[in-house]
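Values quoted throughout were computed directly from the atomic coordinates according to the rules given, and no laboratory measurement underlies them. Because the structure is predicted, anything quoted here is derived from the model rather than measured. Here the Cβ positions follow ideal geometry from the backbone for every residue, glycine too, while neighbour counts run over all protein chains shown.
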Amino acid sequence: MSKHYGDKGLKSKVDYPDIMTINQVAEYFQISEVTTYKLVQEGSIPAFKIGRHWRVKRDDLDEFIERLKRGERI
């Protein structure tokens, strides 16, 4: 069962799998799937493909957040 914050239904970090889909990444960052695809396709967010489907490691997302916090441009 997922843990949710307040009434918004936001999940905790531990509720996300180690390897996420584009949809899950978009939810994790609270951005659109279109924006997520763009960031992945341009290489800003490290990702890999399995067949035609993009996957992203949660650890890579956390490093991406740290880069943003350090002021690096995406």
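If you take the beta carbon distance between residue 16 and residue 49 as r and set R0 to 22 Å, what does 1/(1 + (r/R0)^6) give as a FRET efficiency, to the nearest 0.05?
Numbers: r = 19 Å, r/R0 = 0.89.
Approximately 0.70, to the nearest 0.05.
Count neighbours as other Cβ atoms within 10 Å of each site's Cβ, and list the GluC sites (Glu not before Pro) in the range 13-67 that are DSSP loop with at most 16 such neighbours.
On the way: sites: 27, 33, 42, 63, 66; in loops: 42.
Of the GluC sites (Glu not before Pro), the ones in loops of the range 13-67 whose Cβ has at most 16 other Cβ atoms within 10 Å are 42.
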Exercise for review: Considering only lysines 8 or more places apart in sequence, or on different chains, count the pairs in the chain whose C-alpha atoms sit under 22 Å apart.
Suggested key: 12
Study note, to complete from the structure: If exposed means trypsin sites (Lys or Arg not before Pro) lying in a DSSP loop and surrounded by at most 13 other beta carbons within 10 Å, then the longest stretch of the chain lacking such sites spans residues 9-51
